[in-house]
Amino acid sequence: MPKDKLIVALDVDNLEAADRIVAQLSDCVQTFKVGSQFFTATGPASVQLLREAKMEIFLDLKFHDIPNTVAGAVTSATQIGANMINMHASGGFEMMRAAREAAERKATDLGIPMPILLGVTILTSIDEAHFQRDFSTQRKLTDQVAYLAELSQESGLDGVVASPLEITLIRQVCGDDFVIVTPGIRPKWAATGDQRRIMTPAEAIAAGADFIVVGRPITASEAPQVATERILQEIE
Ligand code: C5P
């Protein structure tokens, strides 16, 4: 169902703004993404607001720390009710393995389904030239993306967050039974803003994305519900 594939990024800085958007979209959206801006401004109340609205939550805090600390963060995220949680794959095998074990332990304790755990490979804001300069490497960015996706899978994560342009590559390396979540989505009729390497919703789904993340084309629209319906029709 198209609705199951859409995640709306709730990039706001207060609960009232979030509440307004969720109320407008509650009939056509099932999952919202809480990122670092909203979570830092409002804390677990952001997640609570969505739970009360019976929504699913992708907690996009991109954890990156020593294994023990990330395990603690993932335990807390599972406890407050996040359904999807992510972390930087460059934190390494041990970090991701510890995260997986922590989520399993907490979900079992609470008798709730396991959250979906996702690795972040290389941020989509980094292009080839910046990757090689910033990481002081001759390696190709796409090779690093493929490597980190595979490492995420070996560590026991369920999938990755990736640019829509990387879907085919990741499917080749990690197979079909691996979740791919893609931001950088722009319908033809929406402004691109600061996103560079983009695809339309229909293109990303056709390329093999399990979920697409859409923010401003919906939340900055004068008619968010109309924008959402258009996107859902496009991916149907
Ligand atoms: O408004 P827009 O559709 O560009 O929002 C995309 C969302 O996905 C933002 O919350 C952004 O932080 C997030 N994101 C991204 N690229 C990544 C990871 C996350 O755009 N690689």
>> Once neighbouring chains are kept in place and the probe is 1.4 Å, which whole percent of the accessible area of the chain is contributed by carbon and sulfur?
In response: 49
> Taking amide H positions as placed 1.01 Å from N in the peptide plane, with prolines and chain starts having none, which residues 5 or more places from Ala190, or on another chain, fall under 5 Å of its amide H?
Replying inline: none
> For Asp177, what charge total do you get from the other residues with a beta carbon under 12 Å from its beta carbon, if Lys and Arg give +1 and Asp and Glu give -1?
Replying inline: -2
>> Give me the 1.4 Å probe accessible area per residue for the stretch 48-175, excluding ligands and nucleic acids, in Å².
In response: 47
>> Let me check something: with ligands and nucleic acids excluded, how do Leu232, Leu50 order by accessible area (1.4 Å probe), largest to smallest?
In response: Leu232, Leu50
> How would Val160, Val179 line up by accessible area, probe 1.4 Å, largest first?
Replying inline: Val179, Val160
> Leaving out same-chain residues fewer than 8 places away, which lysines sit with a Cα under 25 Å from that of Lys5?
Replying inline: Lys33, Lys54, Lys62, Lys188
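For every other residue with a beta carbon closer than 15 angstrom to the beta carbon of Met199, add +1 if it is Lys or Arg and -1 if Asp or Glu, then tell me the sum.
+2
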> Which value, in Å² and to the nearest 10, is the accessible area of Leu165 when all protein chains are kept and the probe is 1.4 Å?
Replying inline: 90
>> Which residue, Ala146, Thr69, Ser46, has the largest displacement toward the positive end of the dipole of the chain when charges sit on each Cβ (Lys, Arg +1; Asp, Glu -1)?
In response: Ala146
> Dipole of the stretch 2-235, Cα-centred, from +1 at each Lys and Arg C-beta and -1 at each Asp and Glu C-beta, to the nearest 20 debye?
Replying inline: 220
>> Using a Gaussian network model on the chain with a 10 Å cutoff between Cα atoms, which of Ala71, Ala18, Ala45 fluctuates the most?
In response: Ala45
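Please give me the summed charge of the neighbours of Ala227: other residues whose Cβ is under 12 Å from its Cβ, Lys and Arg +1, Asp and Glu -1.
Details: positive: Arg186, Arg216, Arg230; negative: Glu222, Glu229, Glu234.
Counting the neighbours of Ala227, the net charge comes to 0.
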>> With the crude spin-label approximation of a point 7 Å out along Cα→Cβ, what separation in nm comes out for Met114 versus Thr137?
In response: 2.7
> So which trypsin sites (Lys or Arg not before Pro) in the stretch 1-105 pass both tests, a DSSP loop state and at most 13 other Cβ atoms within 10 Å of the Cβ?
Replying inline: Lys54
>> Under 10 Å, Cα contacts only: if you run a Gaussian network model on the chain, which one of Glu166, Glu222, Glu154 comes out with the highest mean-square fluctuation?
In response: Glu222
> What is the extension gain from Thr69 to Lys188, computed as 0.36 nm multiplied by their sequence separation minus the C-alpha to C-alpha distance, in nm to one decimal?
Replying inline: 38.7 nm
>> Per residue of the stretch 129-144, what does 6.51 cos²θ - 1.76 cosθ + 1.60 with θ = phi - 60° give for ³J(HN,Hα)? Whole Hz please, x for Gly and Pro, Karplus curve as stated.
In response: 5, 5, 4, 5, 6, 5, 9, 6, 9, 8, 5, 6, 4, 5, 5, 5
> By its C-alpha gyration tensor, with a ≥ b ≥ c as the square roots of the eigenvalues, how is the chain shaped: rounded for a/c under 1.5, else prolate for a/b larger than b/c, else oblate?
Replying inline: oblate
>> As a test of reading the structure, rank Phe135, Phe63, Phe32 by solvent-accessible area (1.4 Å probe, protein chains only), most first.
In response: Phe135, Phe63, Phe32
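The values are calculated or read from the model by the stated rules, or taken from the named source; none is laboratory data. Because the structure is a prediction, the values reported are computed rather than measured. With ideal geometry, Cβ positions are generated from the backbone for all residues, glycine too; neighbour counts draw on all protein chains shown. Note: accessible area is taken over every heavy atom of the protein model, side chains too, but ligands, DNA and RNA are not part of it. Shrake-Rupley method; radii C 1.70, N 1.55, O 1.52, S 1.80 Å.
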